[in-house]
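First the structure, in the form of structure tokens, and then the observations on it.
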Amino acid sequence: MEIIDEPKRWYALKVFFNKTDALIKKIDVEDIETYIPMHTVEKYDSKGLHYEEKPLIHSLMFIRCRESWLLSFKRKNYNDFMFYKAAEEYRPGPIDDEEMRIFILVTSADKGKGLGYLGSDESGFKTGQRVRVIKGIYKGAEGYIKRIKKDRKLIVSVSGVAVVAVSYIPPEFLEKIED
């Protein structure tokens with residue numbers, strides 16, 4: 001039974017056996033918000049070059065609903081998905097709205113094409129530095145700098161669920177976040 005006063009929160013689901021489309025159809029009837037991070041993949045085959053939208057993280061889906069609704073939905077669709085749990089018990093682990101907002105901003109802004117060089121060593125941004133993007137398509141995103149394969153990247157995460165790396169953000173688009 002859904003509790004009306006209960007707030008809607010974001011939750012992460014691991015969907016089994018390519019059942020994402022079927023689950024979304026069931027959820028859409030309920031007027032529940034969903035998000036699947038997608039990216040554009042370049043394909044070349046006998047028909048030539050074309051582009052396809054594919055999930056960025058296989059079998060991962062986010063849902064914004066009341067916890068009681070999610071628990072009820074899980075009972076009805078037990079073999080279709082699992083939810084990422086809260087640390088203390090068998091309950092869905094809610095995701096902070098701001099953390100999810102930043103994750104959606106970063107994963108939807110450029111459909112996975114935002115990989116590149118972050119800036120020169122003279123930028124003043126070092127590995128581990130927390131930063132905020134102040135201009136461009138990622139404006140408002142917050143994360144930290146990490147060196148991956150000799151390039152510095154902006155790392156954005158949903159705690160305990162997923163981490164994405166974005167680069168080619170000019171240093172003048174970044175500001176340090178002081179602790």
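The values are calculated or read from the model by the stated rules, or taken from the named source; none is laboratory data. The structure displayed is predicted, hence computed values, not measured ones. For neighbour counting, all protein chains shown are included, and Cβ atoms are generated from backbone atoms with ideal geometry for every residue, glycine included. Side chains are part of the model used for accessible areas, which takes the heavy atoms of the whole protein and leaves out ligands, DNA and RNA. Shrake-Rupley method; radii C 1.70, N 1.55, O 1.52, S 1.80 Å.
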Q.
I need to check one value: relative contact order of the chain, counting alpha carbon pairs closer than 8 Å and at least 6 residues apart, in percent.
A. 22 percent
Q: Within 10 Å, count the other beta carbons around each residue, average over each peptide in 127-138, 17-28, and list them highest first.
A: 127-138, 17-28
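Order 68, 159, 108, most accessible first, counting only protein heavy atoms with a 1.4 angstrom probe. The partial results should precede the final answer.
Values: 68 15, 159 85, 108 50 Å².
The residues order as 159, 108, 68, largest area first.
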(Q) So for segment 21-97, averaging the separation of alpha carbon pairs under 8 Å that are six or more residues apart and normalising by length, what relative contact order in percent results? (A) 22 percent
Q: Subtracting the Cα-Cα distance from 0.36 nm times the residue separation, let me have the gained length for residue 22 to residue 149 in nm, one decimal.
A: 41.9 nm
Q) Using a basic spin-label model with each label point 7 Å from the Cα along Cα→Cβ, how many nm lie between residue 38 and residue 179? A) 4.0 nm
Q | Candidate residues 89, 175: accessible-area rank, largest first, probe 1.4 Å | A | 89, 175
(Q) Need the full-extension length gain, residue 45 to residue 30, defined as separation in residues times 0.36 nm minus the C-alpha distance. One decimal, nm. (A) 1.5 nm
Q.
Not counting ligands, DNA or RNA, and with a 1.4 Å probe, what is residue 62's accessible surface area in Å² rounded to the nearest 10?
A. 0 Å²
**Q.** Cα shape, segment 1-107, gyration tensor, a/c 1.5 rule
**A.** prolate
Q.
To make sure I understand the rule: partners must be lysines, Cα under 16 Å from the Cα of residue 85, and not fewer than 8 residues away in the same chain. Which ones qualify?
A. 14, 74
Q) In terms of solvent-accessible area of protein heavy atoms at a 1.4 angstrom probe, what is the ranking of 59, 157, highest value first? A) 157, 59
Q. Counting each DSSP H run of 4 or more residues in the chain as -39500 (n - 2.57), what helix-only mean residue ellipticity at 222 nm follows after dividing by all residues, to the nearest 500 deg cm²/dmol?
A. -5500 deg cm²/dmol
